[in-house]
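Undergrad: Take this structure first; my questions come after.
The values are calculated or read from the model by the stated rules, or taken from the named source; none is laboratory data. Just so it is clear, the structure is predicted and the values come from calculations on it, not from any experiment. Neighbour counts run over all protein chains shown; Cβ positions are idealised from the backbone, glycine included. What goes into the accessible areas is simple: the full protein's heavy atoms, side chains included, and nothing from ligands, DNA or RNA. Shrake-Rupley method; radii C 1.70, N 1.55, O 1.52, S 1.80 Å.
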Amino acid sequence: MANFPITPSSIIFGLTGALGMVNGLANLASPALVAKNKAMLGMESTVALHTIGLGAITYGAFYLNAAYQADTTIMWWSIVGRALAVVMFGLYGGGWGNIEW
């Protein structure tokens, strides 16, 4: 078993993965958070938000694995994927692109 690499990219991806998993778990476990997110996004479907939560858990696990293995190729491709997602939300996101912080 290899030692966990302590590099800036591994730390950033590890934290991103952990926060993604926490966010996904919170959307599955907290009815109040789901209600707030449904109102903010103008959605009716709890199932859709649960699916988004499961996706967040999945990408969180993916990021944690990339961080653990210090897989910089996956890290770079995920940045490319995020950049494409920003473009897609900007073009077609509608209300999803205007979420307030």
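Undergrad: Restricting to region 64-91, count the residues that are surrounded by 13 or more Cβ atoms within 10 Å (Cβ to Cβ) and either of a type in the set (K, R) or closer than 27 Å to S30 by Cβ (or both). Before you say what the answer is, go through the steps one by one.
TA: Step one: of region 64-91, the residues surrounded by 13 or more Cβ atoms within 10 Å (Cβ to Cβ) are 64-72, 74-75, 78, 89.
Now restrict to residues that are either of a type in the set (K, R) or closer than 27 Å to S30 by Cβ (or both): 64-65, 67, 78, 89.
So the count comes out to 5.
Undergrad: Considering G20, G42, which residue is open to solvent by 60 Å² or more (accessible area, probe 1.4 Å) and under 25 Å from G94 (Cβ atoms)? Working first, answer last.
TA: On the way: G20 fails: open to solvent by 60 Å² or more (accessible area, probe 1.4 Å).
After applying the criteria, what remains is G42.
Undergrad: A follow-up question, please. With respect to the numbered conditions (1) modelled with pLDDT under 90; (2) in a helix (DSSP H, G or I); (3) out of contact with any Phe, Trp or Tyr (no Cβ under 8 Å at 6 or more places or on another chain), which one is the sole condition not fulfilled by E44?
TA: Evaluating E44 over (1) modelled with pLDDT under 90; (2) in a helix (DSSP H, G or I); (3) out of contact with any Phe, Trp or Tyr (no Cβ under 8 Å at 6 or more places or on another chain) leaves (2) as the failure.
Undergrad: Starting from region 30-42, take each residue that is at positive phi and among the small types (G, A, S) and list its partners that are open to solvent by 40 Å² or more (accessible area, probe 1.4 Å) and in a helix (DSSP H, G or I), counting only C-beta distances under 7 angstrom and pairs at least six apart or across chains.
TA: So the pair list comes out as G42/G95.
Condition check ((1) under 26 Å from G94 (Cα atoms); (2) in a helix (DSSP H, G or I); (3) open to solvent by 80 Å² or more (accessible area, probe 1.4 Å)) across all residues:
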position: P5; (1), (2), (3): no, no, no
position: L25; (1), (2), (3): yes, yes, yes
position: K36; (1), (2), (3): yes, yes, yes
position: F62; (1), (2), (3): no, yes, yes
